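Please read the structure below before turning to the comments.
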Amino acid sequence: MEVELPTSQLGFVQEDMDKDAKFSDSELVFYVKNVLKLSIQGDCRSYNELVSVIEHNQSLGIDEVAVLVTCLKALSGAVSCIHMVHHHRLINSISCMSLWNYETDVMDALVELLLSLASSGGQLDMCLYMLVDNFVPPHDPVRILNEPRARTRKSRVLERVHSTLKDIADLVPLSPMRLEEIVIERMPKACSTVNTEVMVMYVENMLRLENGAIGKLVGGTMLVAVMDLLLNLDLKITCRDIPKDDFTRGTFDMEFEEFEGIGDDVKHESDKMRELLVLDNLLVLTFEHLKLCYKSGRLTQVFKILLRSFQTTVLTAYKSKFTQFVVFYACSLDPVKCGKKFATVLLNIFIYDIYPLGRMIAVAYLASYLSRAVFMSASFVATMLECLAKWCSDYCKNQDRALNPELHKVFYAGCQAIMYLLCFRMRSMVLIPRLKLQLRLLNLEEILMHPLSALKVCLPSIVKEFLHSVRETQLFVVPEKQEADELLESELSRAFGGVERLDMFFPFDPCLLRKSDSFITPNFVHWSMVKSTPDDDEEFSSDYDIAEVGADEGIDIVGGVTPKEYLLHKCASRNFHMQMPSKIRPSTSPESL
């Protein structure tokens, strides 16, 4: 192949070749090799002109583009002569080039050069760093992404980036290990100054790696890194950072006065709002990725990685408010393989783990998950209840002491989980004779009436709603009057909950991020869907028609069982990082649980 170049462009070539001559590829490669060798000997004039061609990237004309493409292709054939020390300026100039600044012919020549450099040895890191840096535009990404044909440019750039990473992995088998490290190193930090578009686009590329040709090699690391990023952002957000229109969304009129003023004195600075927006967009991006994995039949494999990440990070950082919904959404896509697996893992942690705090967190997650997950069958929920009740019953048989919130806190956590779960599920389960019989066989009277006195220690607000539901369904024999049943919390519940207040830990309270919530709500049980009617204690409803409930823009998005007094306490605390607020209106004499 021959190339004809304008005489004014390759001055360093013209001295040795005829004017307007046509050069073959091999001749150009030979000449560039000679220029590189001469520069080592001290003759750098032609070398400097070659570098200047690479460095010139502003407003290139047609002739300048042709020269640049020719130089890049010639360098691809001369990589064996590029010396890391002597040709540092050339290497640095190449590494500063960005695919976003050029059209397709320069892009193709540049990735060809990178592939040659990576496979020649010594320049692998530089090539990987450069490709990862091209995950996002180099300067002013908002402007670039809003330009005409921005979507086309983005597609062209990223297609070349990922195909080149795959080609490098084929040529250098160990390169994916180094790629993992570089991607994590270059990942934008979870800080208030981060650009939303940059963060979202970078994570989009991480998930594309997970789902791409080298996903089997780097996919696990990418998923874990994304989960860590979500958690870091999550923990930086407090209840004070949620805008008031979101914070009070769906609250009942009787509660609204309680919440007035909570958001009024809080200045929602732009950096905090940006963090909220980034987290919301990243969650949506992750949800969409999981949906893609489900459609391609990869969700089960991906879920194993997500579950391990959840156990090592989210579960131990119990203050997470939003990140856990990644696992919730994955379970909703495949309730049988993923949904049941998640519940079983939580149950096993509660029963077999040796750390009390971890066991309490796990059973709180289990109860909240099974209460909220509309996709989990009633029969499976009944099975989980049987396992919890059996453990509590066995514990009672081995104890002859009186109540002690601190000593028996794992037991009280298990009892509260059972009552919390039944607050949501009992009314629907008693309508099925087989499940009603299963509930009767749970032996709850023996557990709750044991001298350990779970009804006195567990959160009074949950106990009250549970006892009301039991009286409605006449499922168990319960006390006619519970001491201090008007309290939302007590000294005993605070004692078993500890400084972490795990007695008030409801990790799957409704998600208050607008975009993310649209993915969760169709598979989510709100309290308004299962609570008994406030005007008639003799009737109760179990409406799981999600489509009907969600059709209205004013859906009761916030409808959990978090006590409102504690909610006020949480929002007043600067250091609070617990679950987001959610409220219910109890079945009788409304005193919000």
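Among the chymotrypsin sites (Phe, Trp or Tyr not before Pro) within the stretch 91-166, which fall in a DSSP loop and have no more than 15 other Cβ atoms within 10 Å of their own Cβ?
none
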## Note on the structure
Here FRET efficiency (C-beta to C-beta, residue 394 to residue 355, R₀ 25 Å, nearest 0.05) is 0.80
### Task
Could you rank 284, 161 by how accessible they are, 1.4 Å probe, largest area first?
284, 161
#### Entry: Residue-span extension gain [residue 146 to residue 92] - 0.36 nm each, minus C-alpha spacing
16.5 nm
### Query
Based on the alpha-carbon gyration tensor of the stretch 91-198 and its eigenvalue square roots a ≥ b ≥ c, which shape applies: rounded if a/c is under 1.5, prolate if not and a/b is larger than b/c, or oblate?
oblate
### Message
Using all alpha carbons of the stretch 43-123, what is the percent of pairwise distances in each 10 Å bin, ordered from the shortest bin to the longest?
### Response
18, 57, 24, 1
### Nearest-10 value in Å² for the accessible area of residue 236, using the 1.4 Å probe
80
#### Entry: Dipole of the stretch 388-465, positive end: most advanced residue of 412, 459, 432 [Cβ charges, Cα centre]
432
### Query
Any idea what the dipole of the stretch 37-118 comes to, in debye rounded to 20, about its Cα centre with Lys/Arg Cβ at +1 and Asp/Glu Cβ at -1?
380
### Message
If I ignore ligands, DNA and RNA and count only protein heavy atoms, how much of residue 383 is accessible to a 1.4 Å probe, in Å² to the nearest 10?
### Response
60
### Task
Show the residues, 5+ positions off or on another chain, whose built amide H is closer than 5 Å to the amide H of residue 373.
525
### Query
Counting only the heavy atoms of the protein chains, how much of residue 154 is accessible to a 1.4 Å probe, in Å² to the nearest 10?
50
### Task
Would you please classify the overall shape of the stretch 363-413 from the alpha carbon gyration tensor, given that a ≥ b ≥ c denote the square roots of the eigenvalues, rounded means a/c under 1.5, and beyond that prolate means a/b larger than b/c while oblate covers the rest?
oblate
## Note on the structure
With all protein chains present, the stretch 312-422 has a carbon and sulfur share of its accessible area (1.4 Å probe) in percent of 56
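Taking loop as defined by DSSP and a crowding limit of 14 other beta carbons within 10 Å, which GluC sites (Glu not before Pro) in the stretch 85-176 fit?
For GluC sites (Glu not before Pro) across the stretch 85-176 that sit outside H, G, I, E and B with at most 14 neighbouring Cβ atoms in 10 Å, the list reads 103.
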### Query
Dipole of the stretch 97-204, Cα-centred, from +1 at each Lys and Arg C-beta and -1 at each Asp and Glu C-beta, to the nearest 20 debye?
320
### Summary
Once 54, 184 are ranked on solvent-accessible area with the largest value leading and a 1.4 Å probe, the list reads 184, 54
### Query
How many angstrom lie between the C-alpha centres of the stretch 288-352 and the stretch 407-440?
23
### Message
Suppose the chain between residue 30 and residue 277 were pulled fully straight at 0.36 nm per residue; how much longer would it get relative to their current alpha carbon spacing?
### Response
83.5 nm
## Note on the structure
Put 223, 38 in order of accessible area, largest first, probe 1.4 Å, and you get 38, 223
### Summary
Sequence order, the stretch 445-451: Karplus ³J(HN,Hα) from phi using 6.51 cos²θ - 1.76 cosθ + 1.60, θ = phi - 60°, Hz rounded, Gly and Pro as x, gives 4, 5, 5, 6, 8, 5, x
### Task
Quick one: work out Rg over Rh on the C-alpha atoms of the stretch 339-490, Rh as Kirkwood radius.
0.93
### Query
If R0 is 51 Å, what FRET efficiency do you get for residue 474 and residue 163 from their C-beta distance, rounded to 0.05?
0.15
### Query
Which shape class applies to the stretch 310-385: rounded if a/c is under 1.5, otherwise prolate when a/b exceeds b/c and oblate if not, where a ≥ b ≥ c are the square roots of the Cα gyration tensor eigenvalues?
oblate
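The values are calculated or read from the model by the stated rules, or taken from the named source; none is laboratory data. Since the model is a prediction, treat every value here as computed from it, not as a measurement. No Cβ is skipped: glycine too gets one built from the backbone with ideal geometry, and neighbour counts run over all protein chains shown. The accessibility values were calculated without ligands, DNA or RNA, using every heavy atom of the protein model including side chains. Shrake-Rupley method; radii C 1.70, N 1.55, O 1.52, S 1.80 Å.
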